[in-house]
1. Modelled with pLDDT of 85 or more and over 56 Å from the mean Cα position of the chain (by Cα), is that true of A126?
2. Name the residues in the range 34-86 that are of a type in the set (D, E) and either assigned to a helix (DSSP H, G or I) or within 33 Å of the chain's Cα centre (by Cα) (or both), would you?
Amino acid sequence: MIYACPAARLKFPQAAVANLNKGEEVRPSDMAFTDPVQLIIIGVIIIAIFLWGPQKIPDLAKALGRARKEFDDASKGLSDAAEGTMTPAKPAPQKSGDQVLVETAKALGISTEGKSKDQISQEIIAKQSQS
């Protein structure tokens with residue numbers, strides 16, 4: 001059974017906790033190779049060294065880091081694209097009929113100062129019929 005030591009925030013085997021309760025010092029040999037998770041991790045590391053050799057492991061770690069970076073970049077790109085599609089595009093502001101009439105008159109070279117809408121529209125029609 002394993003108990004947690006709140007002071008050190010480490011997990012100790014029951015024998016180590018009993019030694020702590022007696023005021024004795026905890027030896028590393030009390031904790032070594034008693035946790036199955038530690039054994040699994042050590043086993044995986046040893047198998048990796050045997051399979052790929054010590055020279056190849058840094059290259060594998062570097063490749064794993066690159067793959068994770070590419071995955072993070074791609075997932076960030078997808079989330080940015082998803083946010084862009086969910087936000088509706090803002091429509092261009094609608095121009096009033098008067099603004100369109102004045103812009104058309106200026107584009108045709110017609111002066112609009114002191115003229116009413118009807119006069120401007122008649123001049124636009126006359127200019128278009130001449131062309």
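1. yes
2. Scanning the range 34-86 gives D59, E70, D72, D73, D80, E83.
The values are calculated or read from the model by the stated rules, or taken from the named source; none is laboratory data. Given the structure is predicted, the values throughout are model-derived calculations rather than measurements.
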